[in-house]
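Working notes, beginning with the structure itself.
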Amino acid sequence: MNAADALTVIFCLAGAVFFLAGTVGLLRFPDIFSRLHALTKADNLGLGLIVIGLIFQSDSLAAILKLLLIWILALAAGSNACYAIGRFALARSPQDAVREDDP
Amino acid sequence: MNPLEHALDTLLCLLLLVLAWKALRAEHLYQSAIFFIAFGLGMALAWVRLAAPDVALAEAAIGAGLLGVLLLDSLRVFSRPPNGSGKARQNTDPGDAETATATTSRHPGARATRLLATAAAAGLAAVLVTAIVRIGDGGGLTEEAAGQLEGSGVEHPVTAVLLNFRGYDTWLEVGVLFLAMLGIYCAGGWVGLTGGREPDSPGPLLSWLIRGLTPLLILTAAYLLWLGKEAPGGAFQAGVLIGAAGILLRLAGYPLTAHLSPGMVKLGLTLGFGTFLVFGIAALIPGGAFLEYPEYWAGEIILLVETAAAISIGFTVFAFFAYLSSRDGSPSEEHNSKPSTTNSD
């Protein structure tokens, strides 16, 4: 295993940890807003770390740029989805949004 | 194949079965729709595992993305009681979609319909299993297609099969989409397709995202279309992206259809089917078969036909959504635009 492979394993594993934490948060957190918080952390950092890990495996600049573009798009879409869901939950019923136990 | 891959594939198969079952048996129709979207994404993964990225792309774009949007929007429109706009507002809540479930199960013919559907599905499954067992190891017509690839005008075997060897199939697929659109046109009228009140602004963040994403979506569609020549991609994937751009713009409140004359919309809807037809018939003139492109021009013709098909697919996909969102004349009750009205109160 060379240095690039080792870096890939390290970054991808770190990304997987964030995804796992985000999923556990989504399942275990009590209300919509903290769940959204957990989920977007997984999206942003988890995917970012995995993208960094994969960059060490790509052989061309075009592939690296595509990977980064995917990350940026996922960031934009994720934060917007989070915003839309949060805004909808808040507008629907602020009490439910923070006290809900089961959606 | 190593044991880890075996384990992953088994897990994926189990996940698909569970998701399919959940989609069928979920308590609320809203949950069913969400499970169906997850099922579509799982299917896309399964196609990737089967080394069929073309199908995976189409499945993710159409099966999970587009169909998901249409299902959720249908649910929003049709789960609303026909009378009383005051109650309608509450019924946009996901949880209240259960009213729709309750009505279905109370329907007298529902049981018979369900049995019939089960029997039909079981029959289809039996036919498919027999087909899989009978395929054998040769891989069907793979070798023959690869042998003919040189004269097809493209380098990617899937595109060669879809647009040249079996162009008939793709032509009819575009025709099926066109027919579905005509059905919507018959039910909703031209207003349903082009008019209807445009939704309110969905808020600064979303409209910023949509303004940034639209050119990127069109660019990606063109990229996929061009890529179809040598790699996974093609008219359907590109068309769905164009349609998605239209849907996003409409959600953001841009009066997209107002900028296009009815003639332009009609042209866009029929372009794909028509172009196939023109080149199909033109192939007859020198004495060839229908849709048998001359070898010398095949690449250019395929690109032209695919571009036309992608534009038509985009228009058709957009028309499906536009009809739904204008159906009740109040598309502003879309989830992400609703809170803005509340904020301004």
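Residue count for the range A:28-67 under the criterion of being open to solvent by 60 Å² or more (accessible area, probe 1.4 Å) and under 16 Å from A:G78 (Cα atoms): the result is 6. Right, A:A89: surrounded by 18 or more Cβ atoms within 10 Å (Cβ to Cβ), within 10 Å of chain B (Cβ to nearest Cβ) and modelled with pLDDT under 85 or not? Judged against the criteria, A:A89 is a match. If we scan the range B:242-259, do we find a residue that is away from every other protein chain (no Cβ under 14 Å), open to solvent by 50 Å² or more (accessible area, probe 1.4 Å), without any contact (Cβ under 8 Å) to a residue 40 or more places away in the chain and among the small types (G, A, S)? Checked against the condition, which is being away from every other protein chain (no Cβ under 14 Å), open to solvent by 50 Å² or more (accessible area, probe 1.4 Å), without any contact (Cβ under 8 Å) to a residue 40 or more places away in the chain and among the small types (G, A, S), the range B:242-259 yields no hits at all. Which of the residues spanning the range A:70-86 are within 14 Å of B:L213 (Cβ to Cβ) and more than 9 Å from chain B (Cβ to nearest Cβ)? Matches in the range A:70-86: A:I70, A:I72, A:A74, A:L75, A:G78, A:A81. Among residues belonging to the range B:296-313 that are open to solvent by 50 Å² or more (accessible area, probe 1.4 Å) and among the hydrophobic types (A, V, I, L, M, F, W, C), point out the one that is nearest to B:A238 (Cα to Cα). The extreme case among them is B:I311.
Among the candidates B:L205, B:L219, which residue alone is modelled with pLDDT of 85 or more and open to solvent by 30 Å² or more (accessible area, probe 1.4 Å)? Matching residue, one of B:L205, B:L219: B:L219.
Out of B:F236, B:F290, B:F276, one residue alone is among the aromatic types (F, W, Y) and more than 23 Å from the chain's Cα centre (by Cα). It is B:F290.
In the range B:293-318, the residue that is farthest from the chain's Cα centre (by Cα) out of those that are without any contact (Cβ under 8 Å) to a residue 60 or more places away in the chain and assigned to a loop (DSSP other than H, G, I, E, B) is B:Y296. Out of the range B:26-57, which residues are open to solvent by 30 Å² or more (accessible area, probe 1.4 Å), within 18 Å of the chain's Cα centre (by Cα) and within 27 Å of B:G228 (Cβ to Cβ)? Listed by number, the residues that qualify are B:I37, B:F39, B:L41, B:M43, B:L45, B:W47, B:P53, B:V55, B:L57.
If we scan the range A:25-39, do we find a residue that is more than 27 Å from B:T214 (Cα to Cα), in contact with a His (Cβ under 8 Å, 6 or more places away or on another chain) and either aromatic (F, W, Y) or touching a residue at least 12 places away in the same chain (Cβ under 8 Å) (or both)? Yes.
The values are calculated or read from the model by the stated rules, or taken from the named source; none is laboratory data. It should be emphasised that the depicted structure is a prediction, and the values quoted were computed from it without experimental measurement. Here the Cβ is made from the backbone with ideal geometry for all residues, glycine too, and neighbour counts use every protein chain on show. When the accessible area is computed, the model is the full protein with side chains, heavy atoms only, and any ligands, DNA or RNA have been set aside. Shrake-Rupley method; radii C 1.70, N 1.55, O 1.52, S 1.80 Å.
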